[in-house]
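The numbers here are math on the coordinates, done by the rules we state, and not lab data. Because the structure is a prediction, the values reported are computed rather than measured. Here the Cβ positions follow ideal geometry from the backbone for every residue, glycine too, while neighbour counts run over all protein chains shown.
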Amino acid sequence: MAFNAKTKKFVMWMHIDSPDYKAARAGVATADSPIGPFTYIESVRPEGQDSRDQTMFVDDDGKAYRIYSSENNDTTYISRLTDDWLKHSGKFVRVFEKRRMEAAVVFKRGGKYYFLASDCTGWDPNPMRSAVADSIWGPWKELGNPCSGPGADKTFLGQSSFVFPVAGKTDAFVFMGDRWNKSNLPDSRYLWLPIQFVGDAIKIQWRDSWDPSVLGPKSNAAGKK
């Protein structure tokens, strides 16, 4: 969900599906407030393909994109939305073909675009994947698993959900992940960790505890040692 400054509406895109997971559609709703009430508009199969795990990214120029798993999770699609963000514009690109990814996250830093995602292993965690590009359209260069420390091979028992840019701080980003409890999904928890950068590479190190003082250039410089 994001706020469209042109229409003054909050726009929410979501994964719409059936119990057998075959509908695989993308739904859209709008509201005047981030807490609703939302008005549901419609669901579609964008670009004529299925749409499963998805995220929304708004660039510096106000253009919005949906990034979603398609072709039965075999390929990731990046689709630009119309100016009101309520439909797909028809401009899109297929990336990471045959890589089978879900839980995509896209964010921007220093003019570069960063991508995080996971493999498709149901509710069970797996190693995170990362990539970088100079354009939202690619080409994307995969960088491998950005995690380090205990549990890094399973994304610290989590799955990528969002990257939060911290307002008022330079070069400060927080990785947010879902920790799924597959035997009791309502009891699933969250994972927040600071992001460091070494060149173009993302580094997410396990910390038992941390505070906002580790965010920003000092943290990133320390990561180079």
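Whats the longest run of the chain with zero chymotrypsin sites (Phe, Trp or Tyr not before Pro) that are DSSP loop and have at most 15 other Cβ atoms within 10 Å?
22-122
Going Cα to Cα from LYS6, which aspartates and glutamates come in below 19 Å? Please leave out same-chain ones fewer than 8 positions away.
Excluding near neighbours in sequence, the set is ASP32, ASP59, ASP60, ASP61, ASP83, ASP84.
Within straight cross-link reach of LYS169, meaning Cα distance under 16 Å, which aspartates and glutamates are found once same-chain residues fewer than 8 apart are removed?
ASP211
With the alpha-carbon atoms as the only input, what is the per residue convex hull volume for the stretch 101-225 in Å³?
Dividing the Cα hull volume of the stretch 101-225 by its residue count gives 113 Å³.
Starting from the 7 Å offset along Cα-to-Cβ, what nm value, one decimal, do you get for the label separation of THR39 and SER135?
Spacing of the two 7 Å Cα→Cβ label points: 3.7 nm.
With r defined as the distance between the Cβ atoms of GLU97 and TYR21 and R0 fixed at 22 Å, what FRET efficiency is calculated, to the nearest 0.05?
Calculated transfer efficiency: 0.55.
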